[in-house]
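**Student:** Just dropping this structure here.
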Amino acid sequence: MTIHKQISYLYAFFGAFLIACGFVAVDVAGTQAQTALITGAIGGLLALTAGHFLNRGKRLGFILGAAEAGLLTVLLFWRAGAYFIKLLELVKNTEGADTPQTAGMAFLVTTAMLVVALLTLAVSVMFAKQVLGETK
């Protein structure tokens, strides 16, 4: 099996994972997790699309998937940091509508998405030369 087909399966997994994380966030945090659902849904569909086109040998699929992994790494790093700071503030002051449990779950889901995005980006960068050589 060629490397671009293997990377296309990684993008498909990445997309399914993002969509699942969006639904888990909404299930755990309710309507407060709308941004996680939007990030998961849009990011997941883009990754699935990238995986589909890369599986068909289209170079654009690889470029889309690698760019998305890079952009989501930056976005999710920022969001995970913001959730971590919010979690620390909630632990100090437990008054208010948000609970430390909700903020903690938001942080965990966002961090999981960040780790998978970072791994997807790393694999994309490692095999970029081979994939670009195999695709049109």
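The values are calculated or read from the model by the stated rules, or taken from the named source; none is laboratory data. Here the structure is a predicted model, which is why all the values come from computation and not from measurement. Cβ coordinates were reconstructed from backbone atoms using ideal geometry, including for glycine residues, and neighbour counts include every protein chain displayed.
**Student:** Consider only pairs whose beta carbons are under 9 Å apart and that are at least six residues apart or on different chains; among these, list those whose first residue lies in the range 99-115 and is over 15 Å from Gly44 (Cβ atoms) and whose second residue is aromatic (Phe, Trp, Tyr) and buried (at least 17 other Cβ atoms within 10 Å of the Cβ).
**Tutor:** As it stands, the answer is Ala103/Tyr83; Gly104/Tyr83; Ala106/Tyr83; Phe107/Tyr83; Leu108/Tyr83; Thr111/Tyr83, since those pairs meet every condition given.
**Student:** Let me ask another. Hey, can you tell me all the residues within the range 98-113 that are in contact with a Leu (Cβ under 9 Å, 6 or more places away or on another chain), buried (at least 19 other Cβ atoms within 10 Å of the Cβ) and at pLDDT 80 or above?
**Tutor:** Ala106, Phe107, Thr110, Met113
**Student:** With the requirement that a residue be out of contact with any Leu (no Cβ under 9 Å at 6 or more places or on another chain) and either under 19 Å from Gln6 (Cα atoms) or modelled with pLDDT of 95 or more (or both), what does the range 33-47 give you?
**Tutor:** none
**Student:** Just to be sure I understand the filter: pairs with C-beta atoms under 6 Å, separated by 6 or more residues or on different chains, first member in the range 8-36 and closer than 30 Å to Gly57 by Cβ and basic (Lys, Arg), second member modelled with pLDDT of 85 or more and not in a helix (DSSP H, G or I). Which pairs pass?
**Tutor:** none
**Student:** Let me ask another. For the range 76-84, check the following and say yes or no: at least one residue is within 29 Å of His4 (Cα to Cα) and not polar (S, T, N, Q).
**Tutor:** yes
**Student:** How about the range 17-136: which helices (runs of 4 or more DSSP H) wholly inside it have at least 1 residues that are among the charged types (D, E, K, R)?
**Tutor:** Because the criterion is at least 1 residues that are among the charged types (D, E, K, R), the helices (runs of 4 or more DSSP H) in the range 17-136 that meet it are 59-92, 128-134.
**Student:** So which residues in the range 3-20 are under 10 Å from the mean Cα position of the chain (by Cα) and under 18 Å from Gly70 (Cβ atoms), if there are any at all?
**Tutor:** Hits for the range 3-20 are Phe14, Gly15, Phe17, Leu18.
Okay, residues lined up against (1) over 21 Å from Ile19 (Cβ atoms); (2) surrounded by 19 or more Cβ atoms within 10 Å (Cβ to Cβ):
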| site | (1), (2) |
| --- | --- |
| Ala50 | no, yes |
| Asn55 | no, no |
| Leu60 | yes, no |
| Ala66 | no, yes |
| Gly70 | no, no |
| Phe77 | no, no |
| Ala82 | yes, no |
| Ile85 | yes, no |
| Val91 | yes, no |
